[in-house]
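K.L.:
The structure is given below, and queries will be raised subsequently.
The values are calculated or read from the model by the stated rules, or taken from the named source; none is laboratory data. Just so we're clear, the structure is a prediction, and the values are computed from it rather than from any experiment. Don't worry about glycine lacking a Cβ; one is built from the backbone with ideal geometry, like all the others, and counts go over all protein chains shown. Protein only, heavy atoms only, side chains kept; ligands, DNA and RNA dropped before computing areas. Shrake-Rupley method; radii C 1.70, N 1.55, O 1.52, S 1.80 Å.
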Amino acid sequence: MAEKEKQNIAVLLEEKRVFNPPEDLVRNSNVKKWMDEHGIKSYEELLEKAKDIEWFWAEVAKDVVEWYEPYKKVLEWNPPYAEWFVGAKYNIVHDALDKHMETDVKDKVAYIFEGEPGDTKQLTYHDLYVEVNKLANALKELGIKKGDRVGIYLPMIPELPIAMLACAKIGAIHSVVFSGFSALALRDRINDCEAKAVITCDSFYRRGNKVALKKQADEALEDAPSVEHCIVYRRTGDEVPWNEGRDLWWHDIVKDQPEECETEKMDANDPLYFLYTSGTTGKPKGIIHRHGGYAVGIATTLKWVFDLKKNDVWWCAADVGWVTGHSYIVYAPLILGVTSVIYEGAPNYPEPDRWWEIIEKYKVSVLYTSPTSIRLFMRYGEEWVNKHNLSSLRLLGSVGEPINPEAWIWYHKNIGKEKCPIMDTWWQTETGHFLITPLPITPLKPGSATKPFPGIQADVFDENGKSITNAGGNLVILKPWPGMLKGLYKAPERYKETYWSKFKDVYLAGDVARKDEDGYFWIQGRADDVLNVSGHRIGNSEVESALVSHPKVAEAAVVGKPHELKGEAIVAFVALKSGVEPSEELKKELREHVGVQMGKIARPDEIWFVNDLPKTRSGKIMRRVIRAKALGQDVGDTSTLANPEAVEEISKAV
Ligand code: PRX
């Protein structure tokens, strides 16, 4: 980080209000019960005791997972690699499905599905078990085996979890690609992991329209030599292009399959899935998660933070295409045997009260969403909320980006009716599960993710690795945790460089945070060149590469700018090739081009044409200077600039 930027990490928030959780919620909470059983009297004592991380994680593991064969060692820590529950034989699907067939969870609803057009479907744990087994058998018949990679490109329909679980069941590694990503984004991801098969659907409903997913998958598959089969689920019944020999209908291949399928006994540290996430270079990183420790981490955090019990109806309103959905729509709720809601469509379709209608209809008791969605609903106003009875709600959650105190208070008052605590959970694709988060026993400060979960040791370091209080600095995690990534697929050096090179044997999260005098963490945003748009990570350089791939573009620089709704907006400065005339039409064309390259979510909000971009003498584009100019801030030290006049161009442009 540049010198000036370091100094700019300022303390941004000074929020003093404290909200205590309701007493009966505390008294009856899962975490309180566990504390009582372990003779622990207070939150502080719990945090203190859990500093013995091997004891803590081994102890909580007993409540959530069943190993086929026990582990020999809780933790093997060879920085930067950690192995948890070493030597255990395990498969996460045993806990998510198989074990429930022996209990009354078997006939309980696992997923309540609500399609955007209003069609609904409920799947019990047994239904899900059968569907998963049939697909798993079909995959085996197609020659897919342990260790093979399968790309999954599906919208928010129950077949997405079914496909993931079927892969995991036979020991194949799934790589889910968000259905909002473009064909080219899909192509890069399936090629990177050399997927043997891709699972998709004909099309799906979004904001009253249909999105032709199979068509997009076909485009990706034109240049994906490893893919032997494309399995297509029929969601809408639309006609689809067909590639004889490669394409197979889901319903055809599962039709005659047996309803039982043996679950592959994996090593606890074998990979469960890859999930690609943006970093500071143009190439997304393939995060690797595993079966064993991941299961312990996600299930324990969900059970304690959102206090899920037998009768709860849980709605994590994220998309399964992101880590939030992987951990907290698919694996953790199933391990806990709870009922979850899956909704296919847009939050404001057909009207801005669709979510509140769903909550009332299914008596949702815990809602987990993002600050962007909350701000969207704030904008529509309380009258949409007040049309519905939300009294079933008892806890609320937030994730993905810092929640501004104003949105926190609105959420607390209008959705939670001042009786539901808000769990602001900080975590990342890499961490697998919540690391900094309140528990139902934690006094809350609006805008703060509060304290590390028991067993997690976090801190804020200055540039020299010194722990600091009440000043902005680098958010770090000091000890390994069970859901920690196994590394980056085919990129061990990048793994070390990105997370472990700044401070020795300490995990660098890449976020700027402040720790206050009570040890509460206030996350302020990314420290690196990664944007956070509506809680989704997008690398500046990925958008730049997409722009530069347009034949009329010579160079591009992308920066983030605060946005009322989305947290951050994408602003692009583009230098065109000589002879190309700038125009509003071209701006539109470039926006669409980025949409095609990456997906709609990455389309720049603003595009400005310039003749030149500020660069160092070695030719590196200085985003820091561009960002400062675009935001009207002091640009700081520009002595290393090769072309100071380009800075003036930026200010003229905006
Ligand atoms: O900057 C932090 C922000 O989202 C980043 C992680 O993004 P991703 O891997 O896509 O995972 C998002 C869902 C877990 C973090 O580095 N972030 C996540 N949760 C919070 C947050 N920022 C502030 N408060 C949060 N609760």
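K.L.:
In terms of solvent-accessible area of protein heavy atoms at a 1.4 angstrom probe, what is the ranking of Met35, Met101, highest value first?
P.N.:
Ranked from most to least accessible, the order is Met101, Met35.
K.L.:
Here's another thing I want to ask about it. From the helices alone, meaning DSSP H stretches of at least four residues, give me the mean residue ellipticity at 222 nm for the chain, per-run term -39500 (n - 2.57), in deg cm²/dmol to the nearest 500. Walk me through the intermediate numbers first.
P.N.:
Details: 22 runs with 188 residues, N = 654.
Using -39500 (n - 2.57) per qualifying helix, the result is -8000 deg cm²/dmol.
K.L.:
Let me ask something else. What Rg and what Dmax come out for the range 95-264 when only alpha-carbon atoms are used, in angstroms?
P.N.:
15.6, 47
K.L.:
Here's another thing I want to ask about it. Pop out the carbon and sulfur fraction of the accessible area of the chain as a percent, whole number, probe 1.4 Å. Spell out each step's value before the answer.
P.N.:
On the way: 11970 of 24750 Å².
The nonpolar share, carbon plus sulfur, comes to 48 percent.
K.L.:
So for the range 21-151, considering every pair of alpha-carbon atoms, how many percent are separated by more than 17 Å? Display every interim value, and only then the final one.
P.N.:
Working: 6365 of 8515 pairs.
Here the long-distance tail beyond 17 Å is 75 percent of all Cα pairs in the range 21-151.
K.L.:
Normalised by the number of residues in the range 95-264, what is the relative contact order in percent for Cα pairs under 8 Å and 6+ residues apart?
P.N.:
Values: 296 pairs, mean separation 38.3, N = 170.
Dividing the mean separation by the residue count of the range 95-264 yields 23 percent.
K.L.:
Can you list the residues, at least 5 places off or on another chain, whose amide H is less than 5 Å from the amide H of Trp249, using H built in the peptide plane?
P.N.:
Val232
K.L.:
Out of the GluC sites (Glu not before Pro) in the range 549-652, which ones are loop residues according to DSSP with at most 15 other C-beta atoms within 10 Å?
P.N.:
Details: sites: Glu555, Glu564, Glu568, Glu584, Glu585, Glu589, Glu592, Glu606, Glu645, Glu648, Glu649; in loops: Glu564.
In loop regions of the range 549-652 (DSSP not H, G, I, E or B), the sparsely surrounded GluC sites (Glu not before Pro) are Glu564.
K.L.:
While we're looking at this one, here's another question. Remind me, relative contact order of the chain in percent, using alpha carbon pairs under 8 angstrom and six or more residues apart? Could you put the intermediate results ahead of the total?
P.N.:
Working: 1418 pairs, mean separation 90.5, N = 654.
14 percent.
K.L.:
Accessible area of Phe306, 1.4 Å probe, to the nearest 10 Å²?
P.N.:
Here the residue's solvent-accessible area equals roughly 0 Å².
K.L.:
While we're here: Could you grab the Rg to Rh ratio for the range 132-174? Cα atoms only, Kirkwood for Rh. Show your work: numbers first, answer last.
P.N.:
Working: Rg = 9.5 Å, Rh = 10.1 Å.
Result: Rg/Rh = 0.94.
K.L.:
List the lysines whose Cα sits under 23 Å from the Cα of Lys363, skipping any in the same chain fewer than 8 residues away.
P.N.:
Reachable lysines: Lys106, Lys108, Lys121, Lys303, Lys309, Lys310, Lys387, Lys413, Lys417, Lys419.
K.L.:
Taking the Cα centre of the range 529-653 as origin, work out the dipole magnitude from +1 charges on Lys and Arg Cβ and -1 charges on Asp and Glu Cβ, in debye rounded to 20.
P.N.:
Working: 18 positive and 19 negative charges, 60 e Å.
Approximately 280 debye in magnitude.
K.L.:
So, one more: Would you mind telling me the antiparallel percentage of the DSSP bridges in the chain, rounded to 5?
P.N.:
On the way: 58 of 97 bridges.
Within the chain, antiparallel bridges account for around 60 percent of the total.
K.L.:
Follow-up question, since we're still on this one. Select from Tyr90, Leu248, Ala136 the residue farthest towards the positive end of the dipole of the chain; place +1 on Cβ of Lys and Arg, -1 on Cβ of Asp and Glu, and compute about the Cα centre.
P.N.:
Farthest along the dipole direction, towards plus: Tyr90.
K.L.:
State in Å² the accessible area per residue of the chain; use a 1.4 Å probe, count heavy atoms of protein chains only, and round to the nearest integer.
P.N.:
Per-residue value: 38 Å².
K.L.:
Distances over 34 Å make up what percent of all Cα-Cα pairs in the chain? Write out the running numbers ahead of the final one.
P.N.:
Working: 92196 of 213531 pairs.
Value for the chain (Cα pairs over 34 Å): 43 percent.
K.L.:
Two decimals is fine: what's Rg over Rh for the range 529-653, C-alpha atoms, Kirkwood radius as Rh? Can you show the working numbers first?
P.N.:
Working: Rg = 13.8 Å, Rh = 14.6 Å.
On the Cα set of the range 529-653, Rg over Rh gives 0.95.
K.L.:
Something else: Take the range 509-598, drop everything but the C-alpha atoms, weight them equally and run the Debye formula without solvent; then report log10 I(q)/I(0) at 0.14, 0.15, 0.17 Å⁻¹ to two decimals.
P.N.:
-0.58, -0.64, -0.76
K.L.:
Which order do Tyr153, Tyr349 take when ranked by solvent-accessible area (1.4 Å probe, heavy atoms of all protein chains), largest first?
P.N.:
Details: Tyr153 0, Tyr349 75 Å².
In descending accessible area the options line up as Tyr349, Tyr153.
K.L.:
Using the Cα centre of the chain as the reference point, and only Cβ charges (+1 on K/R, -1 on D/E), how large is the resulting charge dipole? Debye, rounded to the nearest 20. If you can, show how the numbers build up before the last one.
P.N.:
Working: 84 positive and 98 negative charges, 141 e Å.
Its charge dipole is roughly 680 debye.
K.L.:
Given the whole protein assembly as supplied and a 1.4 Å probe, what does the accessible area of Glu463 come to in Å², nearest 10?
P.N.:
Looks like 60 Å² after rounding.
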